[in-house]
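Participant: Here it is, the structure in full.
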Amino acid sequence: MTTQPDFLVLGSGIAALRAALALASRGSVCVLTKGEPDQGSTGWAQGGIAVAMGDDDSPRLHLEDTLAAGDGLCEPDAVRALVGEGPRYVSELLAWGARFDRDAQGRPAPTREAAHSVRRVLHADDATGREISRVLHEQVAALPAITIIDHAIVTELLCEGGVCVGAAYRDAQDRRHEVRARATLLATGGAGQVFAQTTNPTVTTGDGMAMAFEVGAEVADLEFVQFHPTVLDVPGRPRFLLSEALRGEGARLLNVAGEAFMGRYESAAELAPRDRVARAIVRERQRTGGPISLSMAHLRDLDVHARFPQISEACREAGLDLARDPVPVSPAVHYVMGGVVTDLDGRTSLPGLYAAGEVACTGVHGANRLASNSLLEGLVFGARAGAVMGEPPRVRDGWGPGRLVACAPAVPGPAVEAPADLDVATVRLRAWRDLGLVRTPEGLQAADAWFTQARAACVASTAGDLASAQLRSLVTVAYLMSRAALRREESRGGHYRTDFPERHDDTWGHHCSDVLQRTAE
Ligand SMILES: Cc1cc2nc3c(=O)[nH]c(=O)nc-3n(C[C@H](O)[C@H](O)[C@H](O)COP(=O)(O)OP(=O)(O)OC[C@H]3O[C@@H](n4cnc5c(N)ncnc54)[C@H](O)[C@@H]3O)c2cc1C
């Protein structure tokens, strides 16, 4: 069946819903979403949303912190848009009824997170994403122009004459449908599920990145993967995120002997950027041969359970008291900095196709995202994309001269046999082992060879079922990540190589992108 709204939005997280709200006054909007409408990362976000609204803060300070965390690779114009327009869009959320924690005077009470120079993270207890999601869904429900179709898994972007004209999806009965629209927004979130250990929900399988690449849109910066340093590590329990805000409130990381060790690795100790804290944890674990834990037992003035009810509950279910017990932690994949390249209004390199939120790469996070900047990114760039999607389609504006190197991957050769062990579990284990926190030359070579072969097999396959589509997304993203990680011969932000442990601005101070090399059409 084919439907024809004016605008098509893929996903129902913060970027998708904010864009849909911007589009609703200009035509009909169809929102397609994979599972339940609140199933993406947005609803899982804990710590909060970073925004320069405090008396001691300014967009200028927020810009400086974001650029510092980005390790030399942020696009300053994108960061300026993020931090400059953030207060306006967060104020709008407050006006729509977002219930963020407030101080005694009734003003929003920001918390502190790592690598922020002031307290600027607004939050609703430790379930900020759930609250933002509630508010956005309430706004969307009030607008008859917006229709949400859930359990609709988009498997393909439709292109005609080099223009994106919509998407095809499978419903819960695995039937194929098409939606054709004047403009299509990818807001399908990240790709944490490519890795065996992740904080991300099951829907984040990188579908948007893979589908965009398959139809010729440019993707970039996929070597930069953020590992969250502190994820609950109790055998048999889910890898539940232990928010950065815990360390912002004073939690300490302890080694097996009960010693606080972060000061030996980083001058900012527990408040150093995520990638540095995560690697320090791995090093300390190797040095001592024992587990690492997070402790709040010394924080006498904080009501830990009241401040972190959701995290306290997850710990309690694992038999631990967050306020008293050392909680075992280890790093896990949390966020992908790269994605589909866009300009500041969400335009991709394919006319008619827009992208916003975690699936996109505006360059706003550089090589490493500053904590709590991603909800803000979805809000600001979702709204910006929604504002221009009614205009005649055109390709994105550039990132400035000399900033981008485009490398075209070879189209797979004829009749490639699939690796014998090709399945979802193996893809995820290999990505975790070879594209993880510490990358070795042997691991990267192995990943590149295996994922290249796996991708060629997926492309050659004629299977059209959902399971094959899912495998293909995971393989395509892992393939792009391994190419990118092998290509970048330096270490920076979320990309760390044992054979090139230093940052090299002269040779690598730019983004690298991939575009599908087309055979003669
Ligand atoms: C546990 C956790 C805690 C976090 N805490 C914070 C925090 O405190 N602050 C912060 O700023 N960030 C946080 N983040 C990151 C942040 O939540 C995400 O980066 C952000 O919410 C992404 O928003 P999005 O709209 O781009 O995507 P999502 O919210 O992930 O939405 C993606 C949507 O696309 C849909 N989708 C995916 N594939 C398809 C398909 N093929 N067809 C149809 N629909 C599809 C999904 O179902 C979903 O609705 C956290 C992330 C996690 C996982």
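Participant: What is the one condition in (1) of a type in the set (Gly, Ala, Ser); (2) closer than 18 Å to Arg483 by Cα; (3) surrounded by fewer than 24 Cβ atoms within 10 Å (Cβ to Cβ) that Gly236 does not satisfy?
Facilitator: (2)
Participant: Being assigned to a strand (DSSP E or B) and outside the structural domain of Thr476 (by TED's automatic domain parsing): is that true of Leu253 here?
Facilitator: Yes; evaluated as a whole, the condition is true for this residue.
Participant: Do any helices (runs of 4 or more DSSP H) entirely within the stretch 1-113 hold 3 or more residues that are near the ligand (Cβ under 9 Å from one of its atoms) and either of a type in the set (S, T, N, Q) or closer than 24 Å to Val359 by Cα (or both), and if so, which?
Facilitator: Qualifying helices (runs of 4 or more DSSP H): 14-23.
Participant: Quick one: how many residues across the stretch 194-208 are within 12 Å of the ligand (Cβ to nearest atom) and touching a helix residue (DSSP H, G or I) at 6+ places or on another chain (Cβ under 7 Å)? Spell out how you get there, then give the answer.
Facilitator: Step one: list which residues in the stretch 194-208 are within 12 Å of the ligand (Cβ to nearest atom), which gives 198-208.
From what's left, touching a helix residue (DSSP H, G or I) at 6+ places or on another chain (Cβ under 7 Å): 198-202, 204-208.
Count: 10.
Participant: Can you name every residue in the stretch 226-278 that is of a type in the set (Lys, Arg) and either within 15 Å of the ligand (Cβ to nearest atom) or free of Cβ contacts under 8 Å to residues at least 40 places away in the same chain (or both)?
Facilitator: Once the filter is applied, which keeps residues that are of a type in the set (Lys, Arg) and either within 15 Å of the ligand (Cβ to nearest atom) or free of Cβ contacts under 8 Å to residues at least 40 places away in the same chain (or both), the stretch 226-278 yields Arg237, Arg239, Arg247, Arg264, Arg274, Arg276.
Participant: Just to check your reading of the model, which residue among Thr342, Thr348 is within 16 Å of the ligand (Cβ to nearest atom), without any contact (Cβ under 8 Å) to a residue 60 or more places away in the chain and within 23 Å of the chain's Cα centre (by Cα)?
Facilitator: Thr342
Participant: Could we say that Leu185 is within 11 Å of the ligand (Cβ to nearest atom), more than 13 Å from the chain's Cα centre (by Cα) and at pLDDT 95 or above here?
Facilitator: Spelling it out, Leu185 is indeed within 11 Å of the ligand (Cβ to nearest atom), more than 13 Å from the chain's Cα centre (by Cα) and at pLDDT 95 or above.
Participant: Leu322: surrounded by 22 or more Cβ atoms within 10 Å (Cβ to Cβ), touching a residue at least 12 places away in the same chain (Cβ under 8 Å) and in a strand (DSSP E or B), yes or no?
Facilitator: no
Participant: With (1) outside any helix (DSSP H, G or I); (2) modelled with pLDDT of 95 or more as the list, and Asp126 as the residue in question, which single condition is left unmet?
Facilitator: (2)
Participant: Within the stretch 158-178, track down each residue that is surrounded by fewer than 24 Cβ atoms within 10 Å (Cβ to Cβ), within 16 Å of the ligand (Cβ to nearest atom) and not hydroxyl-bearing (Ser, Thr, Tyr).
Facilitator: Passing the criteria: Leu158, Ala168, Arg170, Asp171, Ala172, Gln173, Asp174, Arg175, Arg176, His177, Glu178.
Participant: From Leu143, Leu222, which residue is within 30 Å of Trp508 (Cα to Cα), modelled with pLDDT of 95 or more and more than 15 Å from the ligand (Cβ to nearest atom)?
Facilitator: Matching residue, one of Leu143, Leu222: Leu222.
Participant: Taking the conditions exactly as written (touching a residue at least 40 places away in the same chain (Cβ under 8 Å) and under 23 Å from the mean Cα position of the chain (by Cα)), does Gly54 satisfy them or not?
Facilitator: Criteria not met by Gly54.
The values are calculated or read from the model by the stated rules, or taken from the named source; none is laboratory data. As the structure is a computational prediction, the values presented were derived from the model and not from experiment. Ideal geometry is used to build each Cβ from the backbone, glycine not excepted, and the neighbour counts take in all protein chains shown.
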